[in-house]
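So the structure is just underneath, and the comments pick up after that.
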Amino acid sequence: MRTKHFLLFSFVFITILSSCKKELLVTNETVLPQNEYTLMRVAYYRDLIETDGIGVRFYETPVVINLYKDNVNFAAIKNIIDQSKEQNNPLRVTIKNANELDVANTASTSELSTYNLQFKKVLPEPEKIKRILPSMDVFLDIFNFMQMQGCDTGTVTIDQCISFQYVVDGCYARAHKMRQILIDNYKYSCEKVFSYEGEDGYLAVDAGDCCVYWWYHVAPLVSVNEDGIINKYVMDPSMFDGPVTIDEWTGAQENEECTPYADFGEYDIQRGQFYSPWGEWGGVMYYSTDEDYSSTNSTLYWYSDLETCY
């Protein structure tokens, strides 16, 4: 497993509505409707396997965003993407049909300034927060409580429901909300485990009546004392009805019944404070944070009434 490192800073991300000049501080991960654009930064892209075009990986979403060659501006957009990648700057991106790149333009100087404006040191967890759950029974009770906070359950008791029913996007927000609940309600902390696609394909998950595809995924990683042995389990109610091992979790993201190109590459265990991948420089991965859970709650609200398969 290739180890990725991290940067102890958080960032404010902006999404701009094309019909309004007011800048809104919202989630850095939301894929927006066609009449809006968002600032997104390119991780990398690959040629599409089954059609002509490229699949662009943006740090702001695990969804692979496709740019098809039948787009009349394909060459120009691809050139802008290449320049953005080389300069490590975000783009103005407009998405249509959920995962199709429609328009991309260079961000303005003021947008670049705002994009990188806020740098905040990651706050340490309170001293009274414990790192290891005392038993599997305690963990199962916590897992069941998390499930009850799903947006489609009718049993929500927290400030913002968790969009477990919408698997397509928002894993970073779901994971961060569960971390908040662990700390606030139970006085326990967790780590995060990030999974990444392999070189020959992408992550593929059976979501029931359809399949979902990502280039990365994230969930809380919880340490549990089982008869004196400390074991780590993934807590991901969007995929499972109970705790699973990392191998079970990553194995479910390589479902060849969804596509022969399903390919899990590696996983990366990081501190629970980290929200989503932010960028890679010199082989080192940096992660963003969301200390006040504002992006977390915005994303969960955005996805609260969406369905995975329709």
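Each reported figure results from applying straightforward, stated rules to the coordinates on display, with no laboratory input. None of these values were measured; they are calculated from a predicted model. Cβ sites come from the backbone with ideal geometry, for glycine too, and all protein chains shown count toward neighbours.
Things to note:
- Estimated distance in nm for a label pair at residue 96 and residue 144, the labels positioned 7 Å out from Cα along Cα-to-Cβ: 4.9 nm
- Helical runs assigned H by DSSP (4 residues or longer) give the chain a calculated mean residue ellipticity at 222 nm of -6500 deg cm²/dmol, each run adding -39500 (n - 2.57) before division by the residue total.
- Sequence-distant residues sharing a close amide H with residue 188 (under 5 Å, placed H): 130, 183
- Sequence-separation-based contact order of the chain, relative, with Cα cut under 8 Å and 6+ spacing, percent: 22 percent
- Phi to ³J(HN,Hα) by Karplus 6.51 cos²θ - 1.76 cosθ + 1.60 over the range 285-291, Hz, x for Gly, Pro: 8, 10, 10, 8, 9, 8, 4
- A Gaussian network model of the chain, with springs between Cα atoms under 10 Å, assigns the largest mean-square fluctuation among 286, 213, 186 to 186.
- Of (i) 6, 27, 36, 23, 7, 1, 0; (ii) 5, 25, 33, 25, 10, 2, 0; (iii) 6, 25, 30, 21, 13, 4, 0, the label for P(r) over Cα pairs in 10 Å bins from 0, in percent derived from the coordinates: (i)
- Length released on extending from residue 310 to residue 69, taking residue separation times 0.36 nm less the Cα-Cα span: 84.1 nm
- Within a straight-line Cα-Cα reach of under 15 Å, residue 187 can be paired with the following aspartates and glutamates, leaving aside sequence neighbours fewer than 8 residues apart in one chain: 125, 127, 141.
- Fraction of beta bridges assigned by DSSP in the chain that are antiparallel (%, nearest 5): 90 percent
- Computed magnitude of the charge dipole of the chain (debye, nearest 20; Cβ of K, R +1, Cβ of D, E -1): 1400 debye
- Peptides ranked, highest mean first, by Cβ atoms within 10 Å: ranges 295-304, 165-174, 227-236: 165-174, 295-304, 227-236
- The aspartates and glutamates within cross-link reach of residue 85, meaning a Cα-to-Cα straight distance under 17 Å and a gap of 8 or more places when in the same chain, are 47, 60, 111, 280.
- Amide H contacts of residue 285 (H built 1.01 Å from N, under 5 Å, at least 5 apart or other chain): 5
- The H on the amide N of residue 99, modeled in the peptide plane, is under 5 Å from the matching H of no residue at least 5 residues off or on a different chain.
- The simple Förster model, with R0 at 51 Å and r as the Cβ-Cβ distance, assigns residue 292 and residue 230 a FRET efficiency of 0.95.
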